[in-house]
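Okay, so here's the structure we're looking at.
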Amino acid sequence: MIETLTNKQALYFIPLGGSEQFGVNLNVYVHAGKMLAVDCGLGFADERFPGIDLLLPDPELLEENRDQLVGMFITHAHEDHIGAVAHLWPRLKCPLYATPFTANILKRKLEENDIKKAKITIVDPAGEIDLGPFSLSFVPVAHSIPDAASVVIRAGGVSALHSGDWNLDPAPVAGAKTDKARFKALCADGVDAYIGDSTNSGVPGRAGSESEVEDGLYSEIAKYHGRIFVTTFSSNIGRLMSIMRAAKLAGRKVAVVGRSMQRMLSAAMECGLISDDVDILDMDAVLKLPDDQVMIICTGSQGEARAALSKIARGDHKAVSTKPGDVVIYSARTIPGNELAINSVKNNLIQAGVRVVTPRDSQHKIHVSGHPCQDEILELWNWVKPRCVIPVHGEREQLDTHAQLARTAQVPNVVVPQNGSVIEITAQGVSIVDHVVTGLLAVDQKRVITAHHRSITARRKLQYTGTAFGSIAVNAKGKMVGDPFLETVGLIDESDDADLKIEDHLYDTMIEAFDDMRAADRKDDGFVAEALRIAVRRKANQILGLRPKTIIHVIRV
Ligand SMILES: [Zn+2]
Ligand SMILES: [Zn+2]
């Protein structure tokens, strides 16, 4: 496909994921037959994918043109940007580029997945590299994780600014401020396209500063005498620092639970991002203290079933359990789609006599977003003067509000992509010129399959319709041998006699259907199975109004 992208004065941009949903960010730039990938993240599966937790972007375009792939740059270490690398790298085998903290996390993830051959090159967040026809200039940006970077990509005389996730926090707690001077210097003549974060494009004003959260948390914590649990995103190192400093001010000692949080903290320590004014104790030591000196930071702000807070709320955690008088503070936003899971954790906590505080309940600032609000986006555009805005990183709604903001700001051109749009960026203009097929992959228990794999469709269907399994033994003459067997799942309550009669009806229907068949037809296994399947399913629909997935095995004896 990429052979058709022949304009030598153009840089082509193809979002393979993340431009119709939150998560699964995977972006491709093409010039002179070569490709550069930016980010490779995962998404969280909802109830449409039974048995599946994680989704990945489909990298088929990159895989098919693997020899032309000069490398992959990861803008920062959030799962929606980095999380698919370990799953997909074996298909791509390309060189990886990342800033120090991002590279540290990436290395750990690859090691956990036993990937030893991947080469990660650490880049300076304010540095430059040349990759084949692409020249990349990085710019440090503030975000809710250290070492995030934007990248200006130049090829064929065309420039594109790929923002990654960012905001204009005037005083970040961990990591650098957004480098205004570098943006202005790199984009003194404007950029042909700005490809940017749409998450908060509908939110007026500014995100605020991580440094305000320490005071906000302190004011909130100071109200309580019970033990305090705070949950946030593991990777938000600045937030972890704010929480630990607020704890110190309030005379509380801190323990941390949750593997991902411990992993992130150890990466942050290796990168020198944790200052020595905070300290972390063992859980045992903290639990021995009086309640008003206890602070436990835990994973699970999104209701993840296996995270520490969810286990604690269910009473399943080995090291710690709640008691009445405890307080749980959510220092995080709810990612759309996680509401039900989070509510279930909250309900467990409240039932156990625990007070739950979310950013909405507190009059203090206990959370700020890592993504830019409208005034910040406008300010950045002022520095880099985009000739075209291409909104990415969001659902249709966020992409459209981002586009609307650009039109209001009189950006000369706005192009709203879909996943798979092939966008030609030239000095003369930007337009969608083609489309490639995209999709999602699903991480099943031991393999990666397409998200529309029949097994997933079948699981989804079984949830709603139930299932009936039957088997019947037939001899060579077409006579039934022994008693047939029929079992249903998800149709009846076996402890209820009236319900059991329904299963009897289905069983009788199966036998009647067999008896009604002509002798010649009974010699054809496929024919028998299909006739019985239709009869059982029709009967179930008559009685229950459900068409269960029905499977009949014919055993020829
Ligand atoms: Zn993101
Ligand atoms: Zn992010």
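A few comments on the model shown:
- Qualifying residues in region 487-501 (those that are outside any loop (DSSP other than H, G, I, E, B) and in contact with a Ser or Thr (Cβ under 8 Å, 6 or more places away or on another chain)) - the one most open to solvent (accessible area, probe 1.4 Å): Val489
- The listed residue being surrounded by fewer than 19 Cβ atoms within 10 Å (Cβ to Cβ) and of a type in the set (A, V, I, L, M, F, W, C), out of Ile105, Ile129: Ile129
- Some residue of region 173-184 being open to solvent by less than 20 Å² (accessible area, probe 1.4 Å), in a loop (DSSP other than H, G, I, E, B), away from ligand 1 (no atom under 16 Å from the Cβ) and closer than 30 Å to Asp277 by Cβ: yes
- Residue within region 267-284 that is open to solvent by 20 Å² or more (accessible area, probe 1.4 Å), modelled with pLDDT of 90 or more and within 23 Å of Lys346 (Cα to Cα) present: yes
- Just so you know, in region 207-258 the residues that are in a helix (DSSP H, G or I) and of a type in the set (Ser, Thr, Tyr) include one that is nearest to Asp277 (Cα to Cα), and it is Ser242.
- Every residue from region 469-486 that is part of a strand (DSSP E or B) and either loosely packed, with under 12 Cβ neighbours inside 10 Å or out of contact with any Pro (no Cβ under 8 Å at 6 or more places or on another chain) (or both): Phe469, Val474, Met480, Val481, Gly482, Asp483, Pro484, Phe485, Leu486
- Per the listing Ile456, Ile377, Ile449, the residue uniquely among the aliphatic types (A, V, I, L, M), touching a residue at least 12 places away in the same chain (Cβ under 8 Å) and away from ligand 2 (no atom under 16 Å from the Cβ) is Ile456.
- The residue that is modelled with the lowest pLDDT, counting only those in region 512-521 that are part of a helix (DSSP H, G or I) and open to solvent by less than 40 Å² (accessible area, probe 1.4 Å), is Asp521.
- Annotation note: of Gly17, Gly71, Gly43, the sole residue that is over 20 Å from Lys446 (Cα atoms), touching a strand residue (DSSP E or B) at 6+ places or on another chain (Cβ under 7 Å), within 16 Å of ligand 2 (Cβ to nearest atom) and not aliphatic (A, V, I, L, M) is Gly17.
- Members of region 285-324 found to be assigned to a loop (DSSP other than H, G, I, E, B), under 20 Å from Ser344 (Cβ atoms) and hydrophobic (A, V, I, L, M, F, W, C), listed by number: Ala305, Ala307, Val320
- Tally, over region 383-397, of residues that are part of a helix (DSSP H, G or I) and either hydrophobic (A, V, I, L, M, F, W, C) or buried (at least 20 other Cβ atoms within 10 Å of the Cβ) (or both): 2
The values are calculated or read from the model by the stated rules, or taken from the named source; none is laboratory data. Keep in mind that this is a model prediction, so the values were computed, not measured. Here Cβ is always computed from backbone atoms with ideal geometry, including for glycine, and neighbour counts include all displayed protein chains. The protein model used for the area step is the full one, side chains on, heavy atoms only, and it has no ligands, DNA or RNA in it. Shrake-Rupley method; radii C 1.70, N 1.55, O 1.52, S 1.80 Å.
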